[in-house]
């Protein structure tokens, strides 16, 4: 077990952004392929980035591009936890790492929000969103008895983006999400297994979402 897959993902996503940062479609297509490889890799997510909170879902920063062209986060859902209806103001990819989540898209119609189809993501599944494709949704853990974890990639420093959550009547409420921890994984310590982490530091999907 090693954090090396995340380091490779960051390197390749940086190269992609160097070529296509201003091309949303190219970033979504290229990042989707890279994210699929990351989701399929051996356990690599540090346990402190997979730790649930008893009341609130968690958003752990894994890496932010120095130019804020993209950010990578792990979303950790305790049993039955859910988001409010919210938007993103940038492109994004949601990839399921362990457990499952259910997302419901919304569209605005004459100032009101109209719920669309719900999609269940299982490990390895990836969903795209953007202001162009539609970026308003609500997400919940599909399980009432276990933790679920998804890996999100955004076309900005998502924790600093001014966004909106929505009241049931469609009224927007501005918010900036920030992040759930004051540290990020150390990708660049090449000792040991290539990342400075040992097996006990990694969240393993084989644990069935039972993350400490």
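The values are calculated or read from the model by the stated rules, or taken from the named source; none is laboratory data. Model, not experiment: these values are computed from the prediction. Cβ: placed from backbone, ideal geometry, glycine included. Neighbour counts: every protein chain shown.
Might you let me know whether segment 75-89 holds any residue that is closer than 23 Å to residue 17 by Cα and either surrounded by fewer than 18 Cβ atoms within 10 Å (Cβ to Cβ) or in contact with a helix residue (DSSP H, G or I) (Cβ under 8 Å, 6 or more places away or on another chain) (or both)? Checking segment 75-89: at least one residue is closer than 23 Å to residue 17 by Cα and either surrounded by fewer than 18 Cβ atoms within 10 Å (Cβ to Cβ) or in contact with a helix residue (DSSP H, G or I) (Cβ under 8 Å, 6 or more places away or on another chain) (or both). Within segment 73-98, the set of residues being under 15 Å from residue 58 (Cα atoms) and assigned to a loop (DSSP other than H, G, I, E, B) comprises 78, 79, 80, 81, 83, 84. Restricting 18, 37, 22, 29 to residues that are assigned to a loop (DSSP other than H, G, I, E, B), modelled with pLDDT of 95 or more and farther than 19 Å from residue 159 by Cβ narrows the list to 22.
Of the residues making up segment 2-12, those that are surrounded by 15 or more Cβ atoms within 10 Å (Cβ to Cβ) and part of a helix (DSSP H, G or I) are 4, 5, 6, 7, 8, 9, 10, 12. Residues in segment 90-111 that are in contact with a helix residue (DSSP H, G or I) (Cβ under 8 Å, 6 or more places away or on another chain) and surrounded by 20 or more Cβ atoms within 10 Å (Cβ to Cβ): 91, 92, 93, 95, 96, 97, 98. Within segment 101-114, the set of residues being assigned to a strand (DSSP E or B) and in contact (Cβ under 8 Å) with a residue 12 or more places away in the chain comprises 101, 102, 103, 104, 105, 106, 107, 108, 112, 113.
Apart from one condition, residue 44 fits all of (1) under 20 Å from residue 178 (Cβ atoms); (2) surrounded by 20 or more Cβ atoms within 10 Å (Cβ to Cβ); the exception is (1). Of all residues in segment 13-29, at least one satisfies being surrounded by fewer than 15 Cβ atoms within 10 Å (Cβ to Cβ) and either touching a helix residue (DSSP H, G or I) at 6+ places or on another chain (Cβ under 8 Å) or over 25 Å from residue 132 (Cβ atoms) (or both).
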